[in-house]
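The values are calculated or read from the model by the stated rules, or taken from the named source; none is laboratory data. As the structure is a prediction and not an experimental result, all values here were calculated from the model. When we count neighbours, we look across all protein chains shown, and the Cβ atoms used for this are built from the backbone with ideal geometry, even at glycine. SASA here: full protein model, heavy atoms, side chains in, ligands and nucleic acids out. Shrake-Rupley method; radii C 1.70, N 1.55, O 1.52, S 1.80 Å.
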Amino acid sequence: MRLMLLGAGGPTVVTPPATLSVVQVTPVVTGNTVDTSRTLTFPSGIGASGMIVVCAALGAEGSSGAADSDDIITSITMSGTGAFARAHGNPMPAGLFGTDVWKANASGAGATAITVNHLNDIHCAMFAIELSATGTLATPASSTTYNDASPSTGPVTSLPSSYGIAILTVYNDPYGHAGDPVFTAPSGYTKRAEQVTKDSNIPVFACFTRETTGGSSETAEYSMAFPSSYGQKGSLIVYTL
């Protein structure tokens, strides 16, 4: 939308600042199996000029052949996008577990299905976000905590003074929860997805987003009831226009 202001010199066209926002999300897909791919499906066809971000919490057995969680997803494909590339991988210090975030720019409209290819003998919880425009990735940040009910992830520093979106992806070890885990979004964030079934091989998972309006840094501190004593992982990435 454009606004027209009338003045002595005639009308002046004022264009509101561009924003980067969430268009739609897929349902969460989980797995505890030897299959080698997952399909994420948007409710509607994607647009022709946005960006697709896949956020995952991952774990693997030693039989998978993975050295850490960065090895678990091998590729992601979707009709109507460019090539997917990893935006941020965040393995636990020990063990084949962590968060993984991938992105691709849309190049054509209409597709709904994303194929996530991965090793076998893995455990996963993942979903995808369609963003309204393509963005530039600021330096990501991560955290590792144990049994922390209010972990802080960040800061992501040196952000441009422009509109953008922050995406916080959280992994909890599925075991070590004293009760059913409950995630509370950081201030200003919206919870977009979660998987909170404990005591199985499927990771406990949540993802939150916040539209940003510029500034020098971004820090996210979420809270949760019954965090895992065996380990939590958070990945904070920010895309700006």
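Overview of results
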item: Residue in the stretch 75-85 that is most open to solvent (accessible area, probe 1.4 Å), counting only those that are among the polar types (S, T, N, Q) and more than 17 Å from the chain's Cα centre (by Cα); result: 79
item: Some residue of the stretch 92-100 being surrounded by 21 or more Cβ atoms within 10 Å (Cβ to Cβ), polar (S, T, N, Q) and either touching a strand residue (DSSP E or B) at 6+ places or on another chain (Cβ under 7 Å) or at pLDDT below 95 (or both); result: yes
item: Residue in the stretch 141-157 that is surrounded by 15 or more Cβ atoms within 10 Å (Cβ to Cβ), among the acidic types (Asp, Glu) and at pLDDT below 95 present; result: no
item: Long-range neighbours under 8 Å by Cβ, at least six apart or interchain, first residue under 13 Å from residue 214 (Cβ atoms) within the stretch 152-170, second of a type in the set (A, V, I, L, M) and open to solvent by 60 Å² or more (accessible area, probe 1.4 Å); result: 162/241; 163/18; 163/241; 164/241
item: Strands (runs of 3 or more DSSP E) contained in the stretch 179-236 and holding at least 2 residues surrounded by 20 or more Cβ atoms within 10 Å (Cβ to Cβ); result: 190-195, 204-213, 217-221
item: Filter result for residue 174 (touching a residue at least 40 places away in the same chain (Cβ under 8 Å) and touching a His at 6+ places or on another chain (Cβ under 8 Å)); result: yes
item: Matching entry among 66, 83, 94 (being part of a loop (DSSP other than H, G, I, E, B) and either in contact with a Ser or Thr (Cβ under 6 Å, 6 or more places away or on another chain) or without any contact (Cβ under 8 Å) to a residue 12 or more places away in the chain (or both)); result: 94
item: Search result, residues across the stretch 21-72 that are among the polar types (S, T, N, Q), farther than 19 Å from residue 86 by Cβ and open to solvent by 50 Å² or more (accessible area, probe 1.4 Å); result: 30, 32, 39, 41, 44, 49, 63
item: Residues located in the stretch 69-110, provided they are small (Gly, Ala, Ser) and under 24 Å from residue 208 (Cα atoms); result: 69, 75, 85, 87, 89, 98, 104, 106
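Okay, residues lined up against (1) assigned to a loop (DSSP other than H, G, I, E, B); (2) at pLDDT below 95; (3) open to solvent by 10 Å² or more (accessible area, probe 1.4 Å):
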{"position": "109", "(1), (2), (3)": "yes, no, yes"}
{"position": "114", "(1), (2), (3)": "no, no, no"}
{"position": "125", "(1), (2), (3)": "no, no, no"}
{"position": "129", "(1), (2), (3)": "no, no, no"}
{"position": "139", "(1), (2), (3)": "yes, yes, yes"}
{"position": "167", "(1), (2), (3)": "no, no, no"}
{"position": "177", "(1), (2), (3)": "yes, no, yes"}
